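Asker: One structure is given below, represented as C-alpha cells, and several questions about it will come after.
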Amino acid sequence: MTAPIQIQEQPNGVTRRKFIKGVIAAGAAVSASSYLFRGPEQLFGQGSLPGSVERLMTLTVNGQQRPVDVMKQETLAMTLRYKLGLTGTKLGCDRSECGACTVLIDDVPHYSCSVLTHTVRNKKIVTIEGLESADGKLHPVQQAIVDEQGFQCAFCMSGFIMATVGFLKTNPSPSREELAHGISGNLCRCADYNKILNAMMRGAENLRRA
C-alpha cells in the first residue's frame, strides 16, 4: 500500500504579503552589503571609470532620505518596488503606455517605468504612499476614491491618483473635460472612466475645500 502524501502546513502568521515583503527586505540588504563592508582600498583606491554611474545613491522619497544600490540601467519603478518596498507604484505595461507606475518628480507626474533612477538623484519623489498625512489622514483625492468607489479592480488606481494630484497642482479648478484631458495618459483595464472621473472631480473639490 502506498503511504499517504503528507502536506506540510504553512506556519501560522506567514502570509503571501509578509513573505514578499521579507524577500524585498532581504534583497535590499544583500545589495547594499557590498558597499557597507568595503575596505578602504575599495573606497578610495580607484575613482569611477569614465562614463560610469555611481551605484550607491540617496533618493528623496516621500520626504525621507533613502540610501539604495542602483544599477545604471535600473528604472525608478523597479527601484521603488523592489529596492525600497513601495509597491503602491504598479508595473503594468512597463513601456510608458498605461500610467499605472505614475509618480510625482518635483511635483510633476512621470511614468516611473521610463525614468532611470540615477537621473533623479537630486529630485523630490512622491509615491502613492507619500500622499497620506503623518496622522494617517488620507489625501483629499484618496478620500474621494473611497467615497465614490471609483474603481473596480483598482490596479490602475494609484497611477490615476498621482496623475490627478499632479494635474491639480497646475489647475486646481478644472472642468470635467479639462481633467479628463489632463489624466488621459492613464488607462483603466476595466474601462470604468465615468466613475473614475466622478471620483477625481470630487477629489478636486475636496482639495479646494482643504
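The values are calculated or read from the model by the stated rules, or taken from the named source; none is laboratory data. Since we're looking at a predicted model, the values are computed, not measured. All Cβ positions, glycine included, derive from the backbone under ideal geometry; neighbour counts span all protein chains shown. Heavy atoms of the whole protein, side chains included, go into the accessibility calculation; ligands, DNA and RNA do not. Shrake-Rupley method; radii C 1.70, N 1.55, O 1.52, S 1.80 Å.
Asker: What FRET efficiency do you get for Leu116 and Ser175 if R0 is 35 Å and r is their Cβ-Cβ distance, rounded to the nearest 0.05?
Answerer: Working from the Cβ atoms, E equals 0.45.
Asker: May I pose another question? Given a cut-off of under 8 Å on Cα pairs at least six residues apart, what relative contact order in percent is computed for segment 105-181?
Answerer: Dividing the mean separation by the residue count of segment 105-181 yields 34 percent.
Asker: Using DSSP to define loop residues, name the chymotrypsin sites (Phe, Trp or Tyr not before Pro) in segment 131-170 whose beta-carbon has at most 16 other beta-carbon atoms within 10 Å.
Answerer: For chymotrypsin sites (Phe, Trp or Tyr not before Pro) across segment 131-170 that sit outside H, G, I, E and B with at most 16 neighbouring Cβ atoms in 10 Å, the list reads Phe155.
Asker: Could you list the square roots of 5 times each eigenvalue of the Cα gyration tensor of segment 62-210, that is, the equivalent ellipsoid semi-axes, sorted largest first and rounded to whole Å?
Answerer: In descending order, the three semi-axes are 25, 17, 14 Å.
Asker: What residues qualify as long-range amide H neighbours of Cys98, i.e. H under 5 Å apart, gap of 5 or more or another chain, H built at 1.01 Å from N?
Answerer: Cys93
Asker: Here is a further query. Please report the accessible area of Glu129 (heavy atoms, 1.4 Å probe, ligands and nucleic acids excluded) in Å², nearest 10.
Answerer: Here the accessible area works out near 70 Å².
Asker: So how much accessible area does Leu131 have, in Å² to the nearest 10, using a 1.4 Å probe?
Answerer: 30
Asker: Out of residues 5 or more away from Lys124 or on other chains, whose amide H comes under 5 Å of its own, with H placed 1.01 Å from N in the peptide plane?
Answerer: Amide H to amide H, under 5 Å and 5 or more residues apart or across chains, Lys124 pairs with Asp106.
Asker: Using the structure shown, select from Lys90/Lys137; Lys124/Lys195; Lys72/Lys123 the pairs with a Cα to Cα distance greater than 19 angstrom.
Answerer: Violating the 19 Å Cα-Cα cut-off are Lys90/Lys137; Lys124/Lys195.
Asker: Then there's this: Could you do me a favour and compute the accessible area per residue for segment 88-176, 1.4 Å probe, result in Å²?
Answerer: Per residue, segment 88-176 has 46 Å² of solvent-accessible surface.
Asker: Show log10 I(q)/I(0) for segment 108-157 at q = 0.21, 0.24 Å⁻¹, two decimals, from a solvent-free Debye sum over equal Cα scatterers.
Answerer: -0.92, -1.02
Asker: For segment 123-210, what are Rg and Dmax over the alpha carbons, in angstrom?
Answerer: Just the Cα atoms of segment 123-210 yield Rg and Dmax of 12.1, 34 Å.
Asker: Another question, if that's okay. Given 0.36 nm per residue, what is the gain on full extension from Glu205 to Glu129 after removing their alpha carbon distance, in nm?
Answerer: Full-extension gain reported as 25.2 nm.
Asker: I'd like the accessible area for Lys169: 1.4 Å probe, protein heavy atoms, all chains in place, Å² to the nearest 10.
Answerer: 110
Asker: Counting just the Cα atoms, what span does segment 131-172 cover along each of its three principal axes? Round to the nearest Å and put the largest first.
Answerer: 27, 26, 16
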